[in-house]
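*Asks:* Have a look at this one before I ask anything.
What follows draws every value from the coordinates through simple rules; no lab data is involved. The structure displayed is predicted, hence computed values, not measured ones. Here the Cβ is made from the backbone with ideal geometry for all residues, glycine too, and neighbour counts use every protein chain on show.
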Amino acid sequence: MQKQTTLWIIIEGSKILLCMKKRWFWKWLYNCWAWWKCEINESIEEAMIRELEEETTLKTNKENLENYWVLHFYFEENNDWNQDVNLFLIKNYSWTPKETEEMRPEWFEIDEIPYDKMWEDAYIWVPRVINKEKVEYNFWFWKNWKMIKYEKIV
């Protein structure tokens with residue numbers, strides 16, 4: 001079984017919140033979301049809420065999460081990085097975007113998303129997520145984090 005991880009997305013009107021990752025995985029690339037793995041005996045939703053607060057100071061609850069998407073990532077050179085990423089749309093929250101040691105949040109117009117400053121897979125699934133389409137993909141990456149191939153499941 002693969003590691004279970006979470007990501008979140010916030011869309012307000014014609015804008016999407018992206019975060020510049022400042023350390024670890026995805027360093028100096030925009031993400032839509034805080035990412036991390038679920039702890040032992042922690043549900044995906046509980047992990048999502050915990051990570052939101054730890055990495056961004058954003059507060060929400062289970063009733064404000066919608067889950068439509070799953071992305072499966074496989075890394076050819078390091079199977080320890082393989083993971084199932086569960087994406088959540090956050091419908092309601094309490095937060096003023098604030099930079100942390102982990103992330104620098106920034107709002108972008110949806111038609112101006114900087115895909116060239118994101119992981120290669122983002123341009124494939126982010127537009128479908130914005131349209132609230134149910135998606136599921138497999139993505140394979142090489143050791144330099146370059147995408148080798150992908151497969152659409154849903």
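*Asks:* Let me check against my output: what whole-number percent is the relative contact order of the chain, with C-alpha pairs under 8 Å and at least 6 apart?
*Replies:* Here the relative contact order equals 27 percent.
*Asks:* Starting from the exponent 0.38 and prefactor 2.2 Å, build the expected Rg for the stretch 89-129 from its residue count and divide its actual Cα Rg by it.
*Replies:* 1.37
*Asks:* Dividing the alpha-carbon radius of gyration of the stretch 48-105 by 2.2 N^0.38 Å (N being the number of residues), what value is obtained?
*Replies:* Dividing the Cα radius of gyration by 2.2 N^0.38 Å gives 1.35.
*Asks:* Right, next: Pairs LYS62/LYS143; LYS37/LYS91; LYS37/LYS117: which exceed 26 Å Cα-Cα?
*Replies:* Checking Cα-Cα distances, LYS62/LYS143 exceed 26 Å.
*Asks:* Quick check on the chain: helices-only [θ] at 222 nm, where DSSP H runs of length 4 and up contribute -39,500 (n - 2.57) each and the sum goes over total residues. Nearest 500, please.
*Replies:* After summing the helix terms and dividing by the residues of the chain, the value is -4500 deg cm²/dmol.
*Asks:* Give the residues of the stretch 116-145 whose amide nitrogen is closer than 12 Å to a point set 7 Å from the Cα of ASN78 in the direction of its Cβ.
*Replies:* 142-145
*Asks:* Can you work out the base-10 log of I(q)/I(0) for the chain at q = 0.11, 0.19 1/Å, using the Debye formula on its C-alpha atoms alone?
*Replies:* Computed log10 I(q)/I(0) values: -0.39, -1.33.
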